[in-house]
1. Taking the condition of being open to solvent by less than 80 Å² (accessible area, probe 1.4 Å) and within 18 Å of the chain's Cα centre (by Cα), how many residues in the stretch 91-104 meet it?
2. Would you point out the residue of the stretch 110-127, among those that are free of Cβ contacts under 8 Å to residues at least 40 places away in the same chain and open to solvent by 80 Å² or more (accessible area, probe 1.4 Å), that is farthest from ARG3 (Cα to Cα)?
3. With the checklist (1) under 17 Å from the mean Cα position of the chain (by Cα); (2) modelled with pLDDT under 95 in hand, flag the one item ALA27 doesn't pass.
4. Give the number of residues within the stretch 76-109 that are basic (Lys, Arg) and free of Cβ contacts under 8 Å to residues at least 24 places away in the same chain.
5. Output the qualifying pairs, or none if there are none: Cβ atoms under 6 angstrom, residues six or more apart or on different chains, first residue in the stretch 28-51 and more than 13 Å from ASP13 (Cα to Cα), second residue open to solvent by 30 Å² or more (accessible area, probe 1.4 Å) and in a helix (DSSP H, G or I).
6. When you check GLU70 against the structure, is it under 13 Å from the mean Cα position of the chain (by Cα) and open to solvent by 50 Å² or more (accessible area, probe 1.4 Å), yes or no?
Amino acid sequence: MPRAVALNCGVYDISREERIAGSDTPALLEDLLGTENRETKRAMLNPLPYITEQYPPVFVMTAEGDFLKEQAPLLVRVLMEKEVPFLYRYYRNPKKKLGHVFHCNIRTADAALCNEEECSFFRELCQK
């Protein structure tokens, strides 16, 4: 079992994919799930019902321009309900909108900050 996980700019409630503007999720789900037992298969993709008190500590992040930003609070709510330790970060930059997976562009200060905070989260857990 992992000692901790980082969940960056993710989808945590797949049933909301029709409301994700700019997302290819509906088309991807159709290709992935096919037509038989689609709703049953789709329900199995939702991680939220599977989070228990034994879930490892989580670093959760999103950004103001992330088209999935409404998903992170859904996860945070469940983590709080289950009393799972977590650190939630919502990144923004007043000069430019930070988009989906902005942290992958390691040449920016915003990405450096996010990646450092994420690494610090893991370092602190390893010291315990």
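1. 7
2. The extreme case among them is LEU113.
3. (1)
4. So the answer is 4.
5. Pairs found: LEU33/LYS41.
6. Here the answer is yes, as GLU70 does meet what is asked.
The values are calculated or read from the model by the stated rules, or taken from the named source; none is laboratory data. Computed from a predicted structure; not experimentally measured. So basically every Cβ, Gly included, is an ideal-geometry build from the backbone, and we count neighbours across all protein chains shown. SASA here: full protein model, heavy atoms, side chains in, ligands and nucleic acids out. Shrake-Rupley method; radii C 1.70, N 1.55, O 1.52, S 1.80 Å.
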